[in-house]
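All remarks here apply to the structure that follows.
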Amino acid sequence: MSSVKLLGAALMLFAAMGAVVYSLWFFDLIPGLDSELAVRLPVLLITLFIFLIIGWLGYVMATTTRPAVIKPQKQATQSKE
C-alpha cells in the first residue's frame, strides 16, 4: 500500500473516530466533559476564525499600495509613399 493511500486511510479513521467522540460528548455520554462545551467551543473557534479572516483582509487592504496605472503608448504612424 502506498504512503498516500495509507495516509488517506488514517485520515478516514481519524474522522470517523472524531465524529463518534464528538457525538458522545455532544449528548453528554462522556463523564467529566460538559456537553455545553461541545457547542460553545466550536462556535467560539468558528467566530475567531471569521474575525481572523476579516482582520487579515483589513491588514492587506491597509498595507497594499495601489498598482501603478500604465498608460498606453501611442504608436508611431508610418506614412505611405
Discussion item. For Asp28, only one of the following conditions fails: (1) in a loop (DSSP other than H, G, I, E, B); (2) surrounded by fewer than 10 Cβ atoms within 10 Å (Cβ to Cβ). What is its number?
Written reply: (2)
Discussion item. Under 9 Å between Cβ atoms, which residue pairs at least 6 apart in sequence (or on different chains) link something in the stretch 39-68 that is without any contact (Cβ under 8 Å) to a residue 12 or more places away in the chain and surrounded by 10 or more Cβ atoms within 10 Å (Cβ to Cβ) with a partner that is of a type outside the set (Lys, Arg) and part of a helix (DSSP H, G or I)?
Written reply: Pro42/Tyr22
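Values quoted throughout were computed directly from the atomic coordinates according to the rules given, and no laboratory measurement underlies them. Keep in mind that this is a model prediction, so the values were computed, not measured. Glycine gets a Cβ as well: all are built from the backbone with ideal geometry, and neighbour counts include every protein chain shown.
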